[in-house]
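The structure appears right after this line, and notes come after that.
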Amino acid sequence: MSKEQRITGNITPPNKDLETLKKHFPQCFDKSGNLDFEKLKKQLSKNEINFSKESYGMDWLGKSYARLLATDETTTLLKEDETFNQKKENATSENLLIKGDNLEVLKHLSNAYYEKIKMIYIDPPYNTGSDGFVYQDDRKFTAQELQELAGVSEERAKRILDFTQSNSNSHSAWLTFIYPRLYIAKQLLKEDGAIFVSIDDNEIAQLKLLLDEIFGEENFVGEIPTIMNLKGNQDSFGFAETHEYFLVYSKNKDKTILNKFNIDEEALLKKWKEDEYGLYKVADNLRATGENAPREKRQNLWHPIFLNEETKNFYVTNDNKPINKSDIIIFPINPEGEELSWYWGKSTFRKKKHNLILNRTKNGWQFYRKQRPDIGDIPTKKPKSFFYKSDYSTSTATTQLKKIFNKKVFKGPKPVPFIMDLVIIGMSQEDLILDFFAGSGTTGDAIMQLNTEDGGNRKYILVQLPELIDKKNNKTAYDFVKDELKVEEPTIFEITKERLIRASKKIQEENLALSGVEEKDKDLSNQDLGFKIFETMPIWEDYNFEVDELDAQQMLLFDESKLTKEDIKALLVTWKTYDGVPLTESLQEIDLTGYTANYSNGKLYLMDKGFKTKNLKALLEKIDSDKDFNPTTIIAFGYHFESKNLREISENIKSYTNKKSIDIDFITRY
């Protein structure tokens, strides 16, 4: 059975929470699909939920506005850089660099990449007062519109609008800026995914509370101080600042598994030994410690272990009597004479006896456990709650980036080794990472380097605003982009793009230089060292994403004849992403007797003018005859079809019984 469906072209991030409420409480929604909160409260009050109780929370001027921004429709389209993407090194790449406001981009990604991202890393503005952060907003709401949409009073709506237009860098401004981005980012994470956010003292307190609210306090993983400047900032008041932080939250802590670091060869030789069962290192005493260690708390773990001092054989018996009278008896008693307990009972002792080391100390014979590697034969160590390595230095990162560009074009980049370590913790070798504050592109560089080192197949999505480079404040970067890259209007995005290109070439050149050196050169033929570029562009003048039905007035308002071929391509990219098709997945061109349609993932797009009855006939025949062509949804760009054409397609799709029994929807979008 098929149906005709008219929908808006309105592109908004999905609200899965609202869908869950509709599923379980359909009686609390009106015929327009709006939630009646009073009905919901009454329904929940039956389960003794008290809405009058005070609760702990976070509020600021602009919070209701930030929530509105998180669910408001996009004001842009997505456009592909076809020339760049068709280059040999980029044509099959699954890496992405997207130019645009990251809030707009996140909304565009929210369907195609819903729960597809394993790890998010961001390094947002720290709001230091000197990093250039000010809240800027191009949304144009009236006080009455904001009052209705955000559910606030007229007075508060006016205050919020004044605040959003004031170019503020207050805590409230920063929270209003970051909230909608984190809200949508959570939806993109897999259930077992995690987000890592770099921050410093200026906003860490606010960020921690905000992440508690969005991800849930129960999904907090860590607040990790990280030394980035061992010498310290001597200009800071009171203390020379040496560190910043990164916060880690899981999407669902019960499902998230964070990885450990491999032990390097030098540490392996120092700490690890090998027996017939594999690698091990000396761990804790078998004698228990802590609150539950005393004998009276764990009587079943108070028992003797017998030792033959000649043979060094040790054992336990069921009746707690030695096999030989000369064997000595060892109880879990500490040097202070306290009667404690063993970590292992007799059954475990017998099974794991080979994992014990016997040592004679000044306090008598002691048993120590052997720690085995967690995974296979590779020893690992858990990351500590404090990060420091000499190559985490921001100054070193600046120097290394300077070498790539032969000049200093970016201030304060994150160190590649730091990002590589976070990636090792947060994702496997086959996962996808998102960084929507890409900056100089360190995350992409780190992914390529790590993949080259271990043969991984990690992919990245980077998003960077085309922020104008101030000629006065950063003349070197401005001149580099304008003169060397030949970009008329220099932006940070061009530096991000060029850094990824040069980092890729550097990896290949260094590998080529090692060619022929035993075990040094690597096969990079299967490594993805390219990337594809997309960017946001403003929606056309007078084009209305919110129209439900095309009426005469709308026809007069919007002149579709002014649309270029490139405009239609941008609309197609936007729609296919909205419909769940990843940006890296190309649409297949389908020839319907002279009319070209586009197809992927069960979606068939009819975007061009000139669709005739013969094309419809070819479409129906292809559905029956082509085993690889199985459209479940046919989408037509309504401006390019006459009403009678749309009716003809709809009626034929509805009445035609295809041989595959596919249920096909026909949708007209404007």
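In table form, for the structure just shown:
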read-out: Distance in nm between pseudo-label sites at Asn334 and Asn300 (7 Å out along the Cβ direction from Cα); value: 2.4
read-out: The stretch 193-232: Cα Rg divided by the 2.2 N^0.38 Å rule of thumb; value: 1.32
read-out: All-pairs Cα distance distribution in the chain, expressed in whole percent, bin size 10 Å; value: 2, 12, 19, 21, 17, 13, 8, 5, 2, 1, 0
read-out: log₁₀ of I(q)/I(0) at q = 0.12, 0.13 Å⁻¹ - the stretch 341-460, Debye sum with one point per alpha carbon; value: -0.65, -0.70
read-out: The stretch 255-287 residues near the modelled Arg372 label - backbone nitrogen below 12 Å, point 7 Å along Cα→Cβ; value: 275-281
read-out: Amide hydrogen neighbours beyond the local backbone of Gly580, cut-off 5 Å, H modeled; value: Ala112
read-out: Ascending count of other beta-carbon atoms within 10 Å, so fewest first, for Asp470, Asp319; value: Asp319, Asp470
read-out: Convex hull volume of the stretch 124-245 per residue (C-alpha atoms, cubic angstrom); value: 142
read-out: Ranked list, fewest to most other Cβ atoms within 10 Å of each Cβ, for Phe261, Phe163, Phe386; value: Phe386, Phe261, Phe163
read-out: Between the stretch 370-404 and the stretch 300-367, the alpha-carbon center distance in angstrom; value: 39
read-out: Mean projection area, nm², convex hull over Cα of the stretch 364-420; value: 7.2
read-out: Simple spin-label estimate for Asn406 and Asn526 in nanometres, 7 Å along Cα-Cβ; value: 3.6
read-out: Kirkwood Rh (inverse of mean 1/r, distinct Cα pairs), the stretch 413-491, angstrom; value: 14.0
read-out: Within the stretch 227-273, trypsin sites (Lys or Arg not before Pro) in DSSP loop having at most 10 other beta-carbon neighbours inside 10 Å; value: Lys231
read-out: Gained length - Lys231 relative to Gln144, 0.36 nm times residue gap less alpha-carbon distance; value: 26.0 nm
read-out: Helix-only CD estimate at 222 nm, as mean residue ellipticity for the chain, using -39500 (n - 2.57) per DSSP H run (n ≥ 4); value: -9500 deg cm²/dmol
read-out: In nm, spacing of pseudo-spin labels at Asp30 and Leu620 (7 Å Cα→C-beta vector); value: 4.3
read-out: R0 of 41 Å, Cβ-Cβ distance Asp470-Ala205: FRET efficiency to nearest 0.05; value: 0.85
read-out: Nearest 10 degrees, 0 to 90: helix 565-578 Cα axis against the chain principal axis; value: 40
read-out: Per-residue Cβ neighbour rank within 10 angstrom, fewest leading, Leu78, Leu583; value: Leu583, Leu78
read-out: Calculated FRET value between Glu154 and Thr317, using beta carbons and R₀ = 60 Å, to 0.05; value: 0.10
read-out: The stretch 539-669 - Rg (one decimal) and Dmax (whole number), Cα, Å; value: 14.8, 44
read-out: Cα pair distances in the stretch 265-377, grouped into 5 Å bins until the bin that holds the longest one, percent each; value: 2, 11, 20, 22, 19, 13, 9, 4, 1, 0
read-out: Most positive-pole-ward Cα, Asn363, Asn285, Phe331, against dipole of the stretch 265-377 from beta carbon charges; value: Phe331
read-out: Angle between the chain longest axis and helix 171-188 axis [Cα atoms, degrees, rounded to 10]; value: 90
read-out: Principal-axis tilt of helix 416-426 within the chain, Cα atoms, nearest 10 degrees; value: 80
read-out: Length released on extending from Asp479 to Lys23, taking residue separation times 0.36 nm less the Cα-Cα span; value: 158.5 nm
read-out: Counting DSSP beta bridges with both ends in the chain, the antiparallel % (nearest 5); value: 60
read-out: Phi-based couplings in Hz for the stretch 294-304 (Karplus 6.51, -1.76, 1.60; Gly and Pro marked x); value: x, 3, 5, 8, 9, 4, 5, 9, 9, 7, x
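Each value in this text was obtained by applying a stated rule to the coordinates, not by laboratory testing. What you see is a predicted model, and the numbers here were worked out from it, not measured in a lab. For neighbour counting, all protein chains shown are included, and Cβ atoms are generated from backbone atoms with ideal geometry for every residue, glycine included.
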